[in-house]
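In what follows, a single structure is set out as structure tokens and then discussed.
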Amino acid sequence: MDPFVQHEADEQTTLFYIDSWIREISYVTAGFTSRRGGASKGVFDSLNCALHVQDDADTVISNRTGLALALGMDPTAWTCAEQVHGSRVHVVTSTDRGAGRENRESAIQDTDAIITNLPDVLLTSFYADCVPLFFLDPVNKAVGLAHAGWKGTVQRIASKTVEAMGANYGTRPEQLLTAIGPSIGGCCYEVDQGVITHVQSLGFSDEIGYKTSGTGKYMLDLKIINRELMLQAGILPSHIEVSEWCTGCRTDLFYSHRKENGRTGRMASWIALKEEVMAL
């Protein structure tokens with residue numbers, strides 16, 4: 001069974017929870033939205049969670065508020081970054097809580113990974129094909145999210161997130177639980193030699209995560225590559241859960257930048273430590 005399990009929050013809203021984490025760890029909520037359940041119209045139909053795609057800003061804020069409430073979180077806890085397809089990791093402190101909730105200017109700037117050990121901070125990031133990476137340290141009670149497009153992947157954002165959690169929270173790689181969420185798969189993601197050259201610079205001994213498409217291009221699977229990078233960072237194989245959901249194959253459930261010609265909304269990944277349970 002896929003680690004990201006589909007749940008109907010209500011008659012309209014479909015969410016994907018990291019099922020094993022939710023069932024086994026009472027103080028964590030973590031998962032990934034679908035495109036179903038919000039108020040956005042047209043190409044953004046309907047649970048668009050991102051402000052940078054030219055959707056109506058008030059509608060996006062309403063979508064974010066509805067999601068936070070569905071998760072049992074205060075909407076003011078929503079905290080996000082302005083993503084740039086890089087590999088910078090930001091340590092979220094109490095002064096960052098609520099960053100980016102209502103506008104892009106207040107978001108954590110130039111950042112694609114965010115980590116925290118604070119309860120009642122709802123970390124979020126945004127996707128329409130790129131790979132969501134989830135990190136949970138159950139020993140030191142710290143969490144993180146990373147947004148990994150091909151550029152962030154080859155810049156080893158997965159490894160840098162692990163390193164940042166170690167430096168700030170004492171996280172050891174073998175303690176980490178991780179998950180790789182719904183994203184475009186090797187079935188749908190065709191790239192040119194320029195991208196593959198960057199992938200090859202990672203130095204894998206085999207052709208991990210890509211194969212020729214028969215047209216002089218390549219079919220790239222960023223989930224496989226990020227899993228390999230997590231293994232190299234010291235995360236145990238049994239602690240890496242990988243979703244098989246493909247955003248390109250399932251545009252009925254997900255937004256896909258590639259399949260929808262760049263004009264679409266964004267899903268959100270989320271992770272948070274619940275304050276009321278942490279206090280017990």
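The values are calculated or read from the model by the stated rules, or taken from the named source; none is laboratory data. Not measured: the values here are computed from a predicted model. Positions of Cβ are backbone-derived with ideal geometry, glycine not excepted, and every protein chain shown enters the neighbour counts.
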Selection count, segment 1-31, where residues are aliphatic (A, V, I, L, M) and in contact (Cβ under 8 Å) with a residue 24 or more places away in the chain: 6
Within segment 101-116, tally of residues that are out of contact with any Gly (no Cβ under 6 Å at 6 or more places or on another chain) and either touching a residue at least 40 places away in the same chain (Cβ under 8 Å) or basic (K, R) (or both): 6
Residue in segment 202-215 that is under 17 Å from Y127 (Cβ atoms), touching a helix residue (DSSP H, G or I) at 6+ places or on another chain (Cβ under 8 Å) and modelled with pLDDT of 95 or more present: no
Selection count, segment 156-211, where residues are surrounded by 18 or more Cβ atoms within 10 Å (Cβ to Cβ) and among the charged types (D, E, K, R): 2
Restricting segment 2-25 to residues that are in contact with a helix residue (DSSP H, G or I) (Cβ under 8 Å, 6 or more places away or on another chain), farther than 17 Å from A128 by Cβ and at pLDDT 95 or above, the residue that is surrounded by the fewest Cβ atoms within 10 Å (Cβ to Cβ): V5
Residue tally, condition hydrophobic (A, V, I, L, M, F, W, C) and on the phi > 0 side of the Ramachandran plot, over segment 231-263: 0
Cross-chain or 6+ apart pairs with Cβ under 6 Å, segment 32-45 first and more than 11 Å from D56 (Cβ to Cβ), then buried (at least 20 other Cβ atoms within 10 Å of the Cβ) and among the hydroxyl-bearing types (S, T, Y): F32/S269; R35/Y255; V43/T264
Residue in segment 216-236 that is surrounded by the most Cβ atoms within 10 Å (Cβ to Cβ), counting only those that are more than 19 Å from T161 (Cβ to Cβ) and at pLDDT 95 or above: L220
Helices (runs of 4 or more DSSP H) contained in segment 163-280 and holding at least 1 residues free of Cβ contacts under 8 Å to residues at least 24 places away in the same chain, closer than 24 Å to F44 by Cα and touching a Cys at 6+ places or on another chain (Cβ under 9 Å): none
Restricting segment 26-74 to residues that are among the β-branched types (V, I, T) and in contact with a helix residue (DSSP H, G or I) (Cβ under 9 Å, 6 or more places away or on another chain), the residue that is surrounded by the most Cβ atoms within 10 Å (Cβ to Cβ): T33
